[in-house]
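The values are calculated or read from the model by the stated rules, or taken from the named source; none is laboratory data. Note that the structure is predicted; figures quoted are calculated from it, not measured. Every residue, glycine among them, receives a Cβ derived from its backbone with ideal geometry; neighbour counts consider all protein chains shown.
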């Protein structure tokens, strides 16, 4: 089942309380993931480490996920999984970038 964000119930430093289309309300603690995703010097995730900026999270009603004005958005399935306590997940665009990078490596080694 695809889980979509229906409402932001609360936003505090690094934590969002979200209601999903399943009716579940989960507290999503993003502090550890934000620190992990912010390691790169050019990472936009660093802005989200500012608690005041983090709390400006908005609901994109069309895609039913969360975004910030700096262009960061998080897949609702990632938010759900973090809220359920699963780890090892990446924002969608980072995951795709990693997949394409791995694919390029595989193709280049097959050519050589």
Extreme residue, farthest from residue 76 (Cα to Cα), among residues of the stretch 19-57 that are within 13 Å of the chain's Cα centre (by Cα) and assigned to a strand (DSSP E or B): 29
I need a count of the residues in the stretch 1-13 that are over 13 Å from residue 79 (Cβ atoms) and either part of a strand (DSSP E or B) or touching a residue at least 40 places away in the same chain (Cβ under 8 Å) (or both). 3
Exactly one of 81, 87, 63 is at negative phi, in a helix (DSSP H, G or I) and modelled with pLDDT under 95, and that residue is 81
Pull out all pairs, ordered by first then second residue, where Cβ-Cβ is under 7 Å, the residues are six or more apart or on different chains, the first lies in the stretch 55-66 and is without any contact (Cβ under 8 Å) to a residue 12 or more places away in the chain, and the second is assigned to a strand (DSSP E or B) and loosely packed, with under 13 Cβ neighbours inside 10 Å. none
